[in-house]
C-alpha cells in the first residue's frame, strides 16, 4: 500500500482545487487568526476590535460550514482529510460552539482589552485544529491537529500571566499534556509499524488482513494491545478520563471560567470525533467475529473490506473487540463514578464543574464502549448506538456551556467562586436561578430537558449493545450526580444570604438573561423535539461506519 | 367543488362566523347589542342570498320536469337511487354503481294500456306492467305474477329525462376508524337546496322581527316581571341580553344548516345535538324564570329520550353496514345503496322461498362495494330505521314525546317561531325524508301511525288550549304529524312540500302571536278580543296564516300554500284508501278529522283574539300596532304563505316539481308484513284520486271553519254551554290526556326516587367506606412515616454519609504535585495494559 501523501501529480493539484470548498470555514478561521495578529497594529485605539473581529470571523466560518454542500463521502487533499457527514457534523458543532462562545465572552467581558487579541488568537487556532481533527484521515494530521488543539489550550490556561494559580495550572497542563502526547505518539508509531501505513483506511485494511496471523503470535497481539493502550492514553488525557484526569481540576480552577468552558466543551467534542474515527478504523477490523455477543451476523460493511473473512479465526477476533469495549467500559465507569463522588466535597464551583466534566467524559466513554461492543453487530444497531453518543455530544455542548456561563456570570456579579457565597442569590436574579436549574437538571438527566433524552438514548444504546453492567453503573451514577448538582440549586434558591452591597451596585444585564434563556430554551426544545437532531446524528454515524 | 356547493358552504358558515364574532366580542357587545343584532341579521341575510344564488344555479343546471309532461307519464319511482344517477356535476361519485341499476331495465308499458288496466279493476298492479328491475327480470319467466307483485321495486321510463343526482363529497375528515370514516361533507340535491332556502328565509324574517320584539333587551337594565328575587314580590332586574340572543340565534341557524347539508349520520348527529342544545339555550333564555328553566330542561331531556333511540339506530346501522355515509363514494359504501341492495335481496329471497318448487336461477349476490363487510340484514335495517325515527319523534315532538313542545313557548316568541317553523322540529321531518331510502315499509307504516296519532291528538288538545302560543304549539305537533303521516304512506314529496309551506305560515302565525303579546302583554285568549281595529296589519296577516294552515282554496283550481300541500297529502291518503286497503280508509278518515279540527281551532283562535268584544278593556285600550320592523316580516311571510305553493308563472313548475328531482326510490311492499303496500306517489296526481282528495280536504276544512264561525264568530252557539255539555271531554283535553301527569308520575318521580335512594346509598355506604379507607390510609401513613424516618432515612443518611466520606477520601488523590500525577497516570496506563492482557 503506497502512502497517498507521497504521490503528487497534476491530478492531485486538480483535486486540491476540488477539495478547497470543504475547508472554506477553516480558511476563514485562518484568515481571522492573521487578522488578530494585525489588529492591534491597525486599530490601536479600538477597544472592541478583537470582539468584533472574532464575532464576524466565527459567524463567517459557521456560515461557510453550514453552507457547504456536503458531497459524497470522499478523501481530500491526497488522503489527509476525509470529507464526510461525520466530520461535517462535528465541524458544524464546533463552529456553532465558537459563535456561542464569542457571544459568551462578549457578555462576560473577560478577555480585557490588553489580552483580547491573544485570547481569540488562541481560541481560533485551537478551534482550527479541532475542526481538522474531526476530519483527520492520516496519522500525520492526527498528530498535527492534536498539537494544534493542545498548544493554544496550554497558553489559554495561563493567559492571566500575573495570576500565580493560572501560571501553575498552565505549567501542569503543559507538562501533563506533553507526557500524554508522548505516550500517544509512541502508540501511534507502534501501530504504524505494525501496519506499515499512516493512512487510516490503509491501517484498517492492514489490520484486518493480518488478523488471521495475529492469533498465532501472542507477542504481536501484545504489541497491538500496547499500541492501542498508549494511543488511547493521549485521547484519555484530552477527555480527562481516570487516570489521566489529574490536570482537570487544577487547570479548571486556575484558569478563568471562560477558558474552562472552552476546554470542557470544544476540546472534548473534537477528541470525541477523533476517538470515534480511530475506533472505527482500528477496532472495527477486530470485531468481525463478534458472534459471541448473541447478535446477528456482522453487517455487510465489514464483509466488504475483509478480503479473507473465511480464514479469520472468528472467535478470537470477537474477543479482541470485546476486550477493547470492556476496557473502555471500565475506564468510563471509573471516571464517571470517580468524578461524581469527588464532586461531592467540592466548595469551588469551577472545581465542581471540573469533576462534573470528568464524570461526563465517563458517560461518553461508556457510550464509546457501547459503540465498540456493537461494532460487530448489524449496521443499524451500531449506527443507533453511535448516534446516541453523538446526540449526547450535542446536548453536552449546550448544557455545559450553559452551566459554565452561569458560573461565570455569578463570578462577575459576586466576585467569588465559592459555592457557599452564592446563598440565596437566586432571589435577586431569578432568571439566572431558573436557567441554572434547567442546566443542572439537564446535567442530571431529568425530563423534560434534553439531558434526559440524551442520557436515555445513551443508556438505551448501552442496553442495545448488551452492556447491562454499564447501564446499571450509569443509572447509579445519575443518582449520585443528583446530590451535588442540586446542591447548587439549593444554595441559590433556598438558603438565605445578605447581598445588600451587591444588589444596588450591579444592574442585571438583559442580554445576559437573553443568552441564558435561549440556551435553556434550546435544551427544553431538544428535550421535546429531538427526532430531527437525532436523524442528523444517524446520518453522521452512518458515514463514519464504513470500515 | 361545484359552485352550488361553494355557495351553500358560505351560506352555512356565515351564521357560524357571526356566532364566533359575538362570542369573541364578549362583553364588548353587552353595551352594543344592536351591533351584534345587525351582525347576525346581516349574516343570515347574506346566507339567504347565497342560498338563493345556489338555488338559482341549481335550477339553471337542472330544470325540473314540467308537471304537464310528467304528470302521468312520469315513471313510478323512476329513481332507483338518487345519488346513483349520472350527473355532470357529481364527478366524484363513481358512476359504475349507477350503471348497474339503470341498465337492463325492461319497460314496455305504455300509457293507454296502463290506464286501461287501472280502470278495469280499479286497482293498480304495477308488476303486470312488466317493469322489473335488473336482476329480477331474468328470473321473471319462472315466477308467477303473485311473486312479481312484490318485485316491483324499480322501474324506469326511458322516455323521461333522467333526473339529476345529488352532489356528494367531503370537506373534512374528522376521524377514521377502520372502514368507518367520520367526515364533514355535503349531500346536495333539490331537497337540500329548498331546505336551505326555507331555513335562511324564515330565519332572516325572524332576525329582523326580533329587532322590534327584543328591543327591551337593548336596555342596560331590564326588569323581568315574571322572575322574582328570592320569591319576594320585587321583580328581578338584570342586564339586557340582546347580543346573547342573537348569538344563540346564529348558532341555531348554523346548526340547522349543517344538519341539512350533512352527508352522513355522524354529521347529522353532531348537528342534531347542536340544534338540541341551541333550543335548550333559547327556550331557557329568560333563565331567571323557573318556568323557562323547567321548560328548557324538559325539552332537553325529552329529546335525550329520542336521541337514545337514535343512537341505538346509529349503532345498528354502523355495526351492520360499517358506514355512516349516505351516498356511495370511492371510500364509503353508502347507506342508501346498501339498504337498497338488502331490500332487493330480501324481496328476492322471500319470493324464492315462497315459490320453492319452481326452478329458479339463484340470484347473484348483490355486488356491494368491494372489500367491505356485507352484514346488513333486513331486520337490522328495520331496527336501525326505527331507532333513527325515534330520534325524529323526539325532535319533531311526535306522540309520545310531544310533551316538550307546548312548554317550549317559555322562550321568547321569535325563538318559538324559529323552533316551530324552520329549525328544531323541521329537523325530525327532514331526517325522515333524507333517510327515506333506508326506512323499510314496516318502519314507514310505523311512521305513518305515529304521525297520524300525533296529528289527531294534538289537534284535539289545541281545541281547548287557552293561550295563543300553546294553541299554535299543538297545531305544530298536529301539522308535523301530517307530514310524518304523508312520508309514512309514501307521499314523500307531499310530506316535504307540507314541511316547506308549513314553515312559512307557522312562522307567520307565531310572529303574529308575538305581535299581539308585544302589544297587550298577554297571550291568554280569554283576556283578549277585538284587537282587529287596533292592530289591522297583525289581524290581516294572522288571518292569512289561519287560512293557509286550514288549507283554504278553491278545490282543484288554486288556493293558499297550505291548500296545495295538504291536498297532496290527502291525495296520497286517498290513493291508499282507493286501493282498497281498510287501513287506508281509516287513515283517510282520521286525516280528515285532523284537518277539520285544524280549521276549527285556528279560526277559534283568530275570532277570539281579533273580533268580538274585548274581554279586558284596559288591555284593548293600551293595545297598539307593532312597529314597522315587526310588520314587514309579517307581510313578507304572509306573501310566501299565500304563494309558495303555486307554480312559478312562465315556467310551469313549482316546489313539488323541484322536489320530484330528489325523490328517493323506495320499496313498495313490506317483507315482514306482506299486506302493507305503499302506493306510488305519482299516481296520486291521477284525476280521480285527486278529485276525491280535494273534496275531502275541502269539506273538512270548510266544516271546521263554519263551526268555528258559528260558535266564536257569529256566536250562534254558546261556547260556554257547549263546554259544559261535554265537560269531561274538555277536562281530558285540557289535561292533555294526562300524558304529562303520567310521565310525571311514572318517570320523573321514579327518577327522583332513584336519585334519592342513590344519594342515600352514596352518603351511607360509599361515603362510609371512603371515610374508613381514609382513616386507615392516614394510620398507615403515620406508621409508614415512622418506618421511613427510622429505617429508610437512617439507611440513606448513613449511605450518603459514607459516600460523602468516600468522595472526600478520593479527593486526597488530588494533591497538586505534578510528579505524583504523572506517576499515577503512567501506573494507570500500565495497569490498563495489564488488564488488556489479563482478559
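Residues of segment A:481-502 with an amide N closer than 20 Å to a point placed 7 Å from the Cα of residue B:805 along the Cα-to-Cβ direction: A:483-484. Each 5 Å bin from zero holds the following percent of Cα-Cα pairs in segment A:420-547: 2, 10, 14, 16, 17, 14, 10, 7, 5, 3, 2, 0, 0. Shape of segment B:193-348 from the C-alpha gyration tensor: prolate (a/c of 1.5 or more and a/b above b/c, with a ≥ b ≥ c the square roots of its eigenvalues). Taking label points 7 Å from Cα along the Cα-to-Cβ direction, residue A:421 and residue B:60 give a separation of 8.6 nm. Suppose each label sits 7 Å from its Cα in the direction of the beta carbon; what would the residue A:66-residue A:46 distance come out to in nanometres? The modelled label-to-label distance comes out at 2.4 nm.
Sorting B:464, B:791 by the number of Cβ atoms found within 10 Å of their own Cβ, with the fewest placed first, yields B:791, B:464. Remark: the residue A:472-residue A:24 segment gains 156.8 nm on full extension, using 0.36 nm per residue and subtracting the alpha carbon distance.
How much length is gained if the chain between residue B:688 and residue B:533 is pulled fully straight, taking 0.36 nm per residue apart and subtracting their Cα-Cα distance, in nm to one decimal?
Details: separation 155, 0.36 × 155 = 55.80 nm, distance 4.45 nm.
Net length gain for the segment: 51.3 nm.
Between residue B:172 and residue B:798, what's the calculated FRET efficiency when r is the beta-carbon distance and R0 is 60 Å? Round to 0.05. Intermediate results must be reported in sequence, preceding the final value.
Numbers: r = 64 Å, r/R0 = 1.06.
Once the sixth-power term is evaluated, E becomes 0.40.
Axis angle, to the nearest 10 degrees, between helix A:379-414 and the longest C-alpha principal axis of chain A: 20 degrees.
Classified by the C-alpha gyration tensor, segment A:8-110 has an oblate form. Its axis ratio a/c, with a ≥ b ≥ c, is 1.5 or above, and a/b does not exceed b/c.
Let me make sure I get this right: for segment B:520-652, a, b and c are the square roots of the gyration tensor eigenvalues over alpha carbons, sorted descending. Under 1.5 in a/c it's rounded, otherwise prolate if a/b > b/c, else oblate. Which is it? Walk me through the numbers before you get to the answer.
Values: a/c = 3.90, a/b = 1.70, b/c = 2.29.
In terms of gyration-tensor shape, oblate.
Consider all pairwise Cα distances in segment B:720-770 and report the whole-number % of them above 18 Å. All intermediate terms of the calculation are to be shown ahead of the outcome.
On the way: 740 of 1275 pairs.
Beyond 18 Å sits 58 percent of the P(r) for segment B:720-770.
The separation of segment B:17-62 from segment A:511-535, counted between C-alpha centres, amounts to 46 Å. The alpha carbon centroids of segment A:375-420 and segment A:105-137 are separated by 19 Å. Between residue B:744 and residue A:189, the distance separating the two model label sites (each 7 Å from Cα on the Cα→Cβ line) works out to 11.1 nm. One Cα centroid belongs to segment A:150-191, the other to segment B:541-598; the line between them spans 109 Å.
Got a sec? How would B:404, A:536 order by Cβ neighbour count within 10 Å, fewest to most? Provide the component values of the computation, followed by the final result.
Values: B:404 25, A:536 17.
Lowest to highest Cβ neighbour count: A:536, B:404.
Multiplying the residue separation of residue B:837 and residue B:791 by 0.36 nm and subtracting their alpha-carbon distance yields 12.0 nm. The calculated FRET efficiency for residue A:178 paired with residue A:56, based on their beta-carbon distance and R0 = 41 Å, is about 0.75. Please work out the FRET efficiency for the pair residue B:24 and residue A:171, using the Cβ-Cβ distance as r and a Förster radius of 60 Å; give the result to the nearest 0.05. FRET efficiency, residue B:24 to residue A:171: 0.30.
Compute the helix-to-body angle for A:10-19: its Cα long axis versus the longest principal axis of chain A, expressed 0 to 90° and rounded to tens. Between the helix axis and the principal axis of chain A, the angle is about 40 degrees.
Each of B:681, A:11, B:226 was scored by other Cβ atoms within 10 Å of its Cβ. Arranged with the fewest first, they read A:11, B:226, B:681.
Once both axes come from the Cα atoms, what is the angle between helix A:430-444 and the longest principal axis of chain A, in degrees from 0 to 90, rounded to 10? The angle comes out near 20 degrees.
Per residue of the protein assembly as shown, what 222 nm ellipticity follows from adding -39500 (n - 2.57) for every DSSP H run with n ≥ 4, rounded to the nearest 500? Before the final figure, lay out each step's value.
Details: 55 runs with 915 residues, N = 1386.
It comes out at -22000 deg cm²/dmol, rounded to the nearest 500.
Values in this text are rule-based calculations from the coordinates and carry no lab data. Here the structure is a predicted model, which is why all the values come from computation and not from measurement. In this analysis, Cβ positions are derived from the backbone assuming ideal geometry, glycine residues included, and neighbour counts consider all displayed protein chains.
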